[in-house]
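See below for the structure under consideration.
The values are calculated or read from the model by the stated rules, or taken from the named source; none is laboratory data. Fair warning: this is a prediction, and the values are worked out from it, not measured in the lab. Cβ atoms come from the backbone with ideal geometry, glycine included; neighbour counts cover every protein chain shown. To get the accessible areas, we keep the full protein, side chains included, count just its heavy atoms, and leave off ligands, DNA and RNA. Shrake-Rupley method; radii C 1.70, N 1.55, O 1.52, S 1.80 Å.
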Amino acid sequence: MAETQSITSISPIAPPTTRSSSLALAIAGMKCAGCVATVEKRLLACEGVKAANVNLLTERATVVYGTEDSPQNLAPQLIEAIAKAGFAAEFIDKRDRPLTGKTLPPNPTANSWLGITKEIAIPASLVILAIVGHLGLIGIMDVPLLGNMYIHWIVSTVALGWIGRPIWWDGLRSLWYRAPNMNSLVGLGTVAAYLASTIALWVPQLHWQCFFEEPVMLLGFVLLGQALLERAKGKASNAIRALMELQPPSARLLVQGADGELQVSVAVEDLQVGDRIVVLPGEKIPIDGEIVGGSSSIDESMLTGESMPVTKQLGARVTGATLNLTGAITVRVFQIGSETTLAKIVSLVEAAQASKAPIQYLADRVAGYFAYSVMAIAALTFLTWYGILHAEIVFSLRLAIAVLVVACPCALGLATPTAIMVGTGLGAEKGILIKGGASLEKIDRLSAVVFDKTGTLTEGKPEVTDVVTLAMDRDRQVIDQTNFQDLFQDLQDLTDRADSQVPAPVLRLLQITASAEVGANHILGAATISRAESLNIDLLPTQSSQIVAGCGVESQLVTGEEILVGNSAWLSSRQVEISREMLERSRQFAEAGKTPVFVAVDARLSGIIALRDRLKPEAINVVRQIEAMGLPVWMLTGDRQETAIAIAHQLGIPPERAIADVKPDGKAAAIMKLLAEGNRVAMIGDGVNDAPALASATVGIALSSGTDVAMETADIVLMRHDISDVVPAIQLSRATFSKIRQNLFWAFAYNTLAIPIAAGILYPSLGISLNPTIAGLAMALSSVSVVLSSLSLRTSAAAKNI
């Protein structure tokens, strides 16, 4: 069991089990889910690439490749493949990347006046100009010049040739690369509307209607929607931005001068391992290190969500980005760059936000053919109305344009990543690190939760409560039991008076047991050693000592005595005779929730030591809350069945869900058995022997003060080492995945309903047709609404106190 600490190092997402590595690329120019599908297809076609994951929101690609390749050699090949698809890409070298502003996501409200950027002002002006210019057509008022159709043509030409050029040019380029996207659809629609209106203006004998307002307003609405979308996406990335901004930019470095040590201000990225820095009260600790001078209280809430300050003394570890509250301290740097705790947290959150939920792959497959399908439907709409139904050519063309611009592949692409970004960001703020969309989807489908008992449900600090000694008197067994709580309840000074109150046989049994346990690094042995030290017992030297996994400890003292400390089954297998009365005593201990440990000297039983590991104060309430969510709770323990049932009873867990006598290497097998019975299992633990079980479970949840391997294997890491966070972790994951489902439903529903309406399906019966301008507005708002829907996750989480 790892010693509990407030913050420990966090490992990024575990690599695949096969021999492979990954690299990241920044990709510019992606507009919709169709672009994502195109880029992924090109990446997967590259030699050596095993998997590729492209995220529209973060504009990042994660590429998994074999270890025989190097990222520096593979990256140019990948960048070239992406360029052939019409997109620009750049290799992201994460080695020793400092947490500076250069790595922050762009802030769309930067350099704005009252929050109004030019990206919003320009399209808004286009919309207003088009509306004002056509007031006369609807009988309100005729604005001089703006009501002239030639002025409309000039405005439309400027709007299309200058302001809207990036849209139709990108769309044309995407068509050239056979990867049509949202801009292709909008570009075709606006250009078609502009050309038709231009022909109508300059060839009046055709008697076509001019509708220059539609390409202008269409461009205005699309650009406005894109600007609002970028602002909303910026809000969705606030969590990662806030994490990056936690680290102070500079530090007070101690250097040796002619007149002694001096403090010099240096950039954090210039610090080296072994440097000593000074942190004054009220300042943030710039980097991970160890206190070598002074002491203070540290506020770690910005990383763990824990509001109570932690007292740090000489030799204590401190974490970068935490706040020094009360005293000046000198810190020796021991981790820099990408190895710091904050950098690893940021890396984990970035990886999570760049991931996809498996449900998104359906949307990606649809999006891969979406633009082609929409163009085909638009062409069919025109041919049907003009060629078969003999409608006017302008009317037929406007319906086809409406089909092109109302379709929204962007909403399909944003449905999952926006919700994941908000959900994982919200979790990071609360000290709950969720490793991506796949974890969210698995948590939503859970049917059982399994807790490892020791150190997870319990304090992980057993104490000796009772000692039963066995001696022979004229061939008769003499059994004596000592309860330490009864013995010491009236004593004020345990160390001065306890040893005189404890019977000599008890002291002897504790002496040989603690001596055998020294060096074994066993949690139950540590309790015996602690009790021996409190009683001022001198330990005996040993010749050898070894742990027999799942059984106990075998040791030999220098006196030649062979000591066995373990469970009754193991001792019996070693030809140690255990009387019925001693077995009954051990059963009584077990039923009281204590762990009986048998001690034998030279194959003869000498006694029983009973230990108790107290439940964490929050454990009972956590189990009750998880059960209230409809998830049955199970408990894994190496204790015997009676002990497990007694502890389960305290927790409110039915006896049949207390899995006892589980050896450390048997936890994964216990999880696999539950999975084989049809359960979808979440495993919660923190020890190194929990890692296989965490990996075997549907979802692994690790406490941050556990081992690195456990946290590396887990799907969720709880930074506060507080099992109370299991409840909000499940609630937040469920809420996030519910939002993903909701977003995808509305994205599919919108396109399913909007495209037929735009094609004029309601016109024959109800006389309803969709104006291309309104179609463009609907398309723009559909994308924005998906992001706003994801942002509402924060509000709903706060309302539910998640």
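To the nearest 0.05, how large is the calculated FRET efficiency for Ile768 and Ala549 if R₀ is 45 Å and r is the Cβ-Cβ distance? Provide the component values of the computation, followed by the final result.
Working: r = 75 Å, r/R0 = 1.66.
Efficiency, from the Cβ-Cβ distance: 0.05.
Work out, step by step, the length gained on full extension between Ser295 and Glu459: first 0.36 nm times the residue separation, then minus their alpha carbon distance; give nm to one decimal.
Working: separation 164, 0.36 × 164 = 59.04 nm, distance 2.65 nm.
Extra length from Ser295 to Glu459 when fully extended: 56.4 nm.
How many angstrom separate the Cα center of the stretch 173-205 from the Cα center of the stretch 650-672?
Spelled out, the Cα-based centre of one part sits 66 Å from the other.
Taking 25 °C and 0.890 mPa s as the conditions, I'd like the Stokes-Einstein D for the stretch 425-466 in µm²/s, using the Kirkwood hydrodynamic radius from alpha carbon pairs.
Values: Rh = 13.4 Å.
Estimated diffusion coefficient is 183 µm²/s.
Give a residue-ordered list of calculated ³J(HN,Hα) values for the stretch 311-316 (Karplus: 6.51 cos²θ - 1.76 cosθ + 1.60, θ = phi - 60°; whole Hz; x for Gly, Pro).
7, 10, 10, 4, x, 6
Just to be sure I understand the model, the point goes 7 Å from the Cα along the line to the Cβ. What's the resulting Arg508 to Ala45 distance in nm?
8.4
So for the stretch 329-482, what percent of the C-alpha to C-alpha distances run longer than 27 Å? Spell out each step's value before the answer.
Details: 7405 of 11781 pairs.
Pairs farther apart than 27 Å: 63 percent.
What is the stretch 368-408 by shape, rounded, prolate or oblate, if you read a ≥ b ≥ c off the alpha carbon gyration tensor as root eigenvalues and call it rounded for a/c under 1.5, prolate for a/b larger than b/c, and oblate otherwise?
Values: a/c = 4.32, a/b = 1.95, b/c = 2.22.
Judged from the Cα gyration tensor, the stretch 368-408 comes out oblate (a/c at least 1.5, b/c at or above a/b).
Looking only at Cα atoms, what is the convex hull volume of the stretch 589-660 per residue, in Å³?
That works out to 79 Å³ per residue.
What full-extension length gain, to one decimal in nm, is calculated for Arg587 and Tyr372 as 0.36 nm per residue of separation minus the Cα-Cα distance? Please list the in-between numbers first.
Numbers: separation 215, 0.36 × 215 = 77.40 nm, distance 7.31 nm.
Difference between extended and current length: 70.1 nm.
Between Arg332 and Val266, what FRET efficiency comes out of the Förster formula 1/(1 + (r/R0)^6) with R0 = 25 Å and r the beta carbon distance, rounded to 0.05? Mind dumping the intermediate values first?
Values: r = 15 Å, r/R0 = 0.60.
About 0.95, to the nearest 0.05.
Using only the C-alpha atoms of the stretch 699-802, find the volume of their convex hull and express it per residue in Å³.
Hull volume over Cα atoms, normalised by residue count, gives 133 Å³.
Work out the FRET efficiency for Ala88 and Phe745 from their Cβ-Cβ distance, taking R0 = 35 Å, and round it to the nearest 0.05. Intermediate results must be reported in sequence, preceding the final value.
Numbers: r = 33 Å, r/R0 = 0.95.
Computed FRET efficiency for Ala88 and Phe745: 0.55.
What shape does the stretch 505-572 take by its C-alpha gyration tensor, where a ≥ b ≥ c are the square roots of the eigenvalues and a/c under 1.5 counts as rounded, a/b above b/c as prolate, and the rest as oblate?
Numbers: a/c = 1.58, a/b = 1.31, b/c = 1.21.
Note, shape of the stretch 505-572 comes out prolate.
Between Rg and the Kirkwood Rh of the stretch 549-682, both from Cα atoms, what is the Rg to Rh ratio?
In the stretch 549-682, Rg relative to Rh is 1.05.
Give me the Kirkwood hydrodynamic radius of the stretch 632-785, using the inverse of the mean 1/r over all pairs of distinct Cα atoms, in Å to one decimal. Show your work: numbers first, answer last.
Numbers: mean 1/r = 0.0518 Å⁻¹.
That comes to 19.3 Å for the stretch 632-785.
If packing is taken as the mean number of other Cβ atoms within 10 Å per residue, what is the order of 536-548, 386-398, highest first? Walk me through the numbers before you get to the answer.
Numbers: 536-548: 14.3, 386-398: 16.2.
Ranking the peptides 536-548, 386-398 by packing returns 386-398, 536-548.
Regarding the stretch 332-407, what are the three Cα extents along the principal axes, ordered largest first, in Å?
83, 23, 12
Ignoring ligands, DNA and RNA, what percent of the 1.4 Å accessible area of the stretch 565-691 is carbon and sulfur? Spell out each step's value before the answer.
Details: 2840 of 5620 Å².
Accessible surface attributable to carbon and sulfur in the stretch 565-691 totals 51 percent.
On the principal axes of its Cα set, how long, how wide and how thick is the stretch 317-356? Give whole Å, largest value first.
45, 20, 12
Ordered by packing density, taken as the mean number of other Cβ atoms within 10 Å over each peptide's residues, highest first, how do 211-217, 756-762, 438-444 rank?
Details: 211-217: 27.7, 756-762: 20.0, 438-444: 23.3.
Ranking the peptides 211-217, 756-762, 438-444 by packing returns 211-217, 438-444, 756-762.
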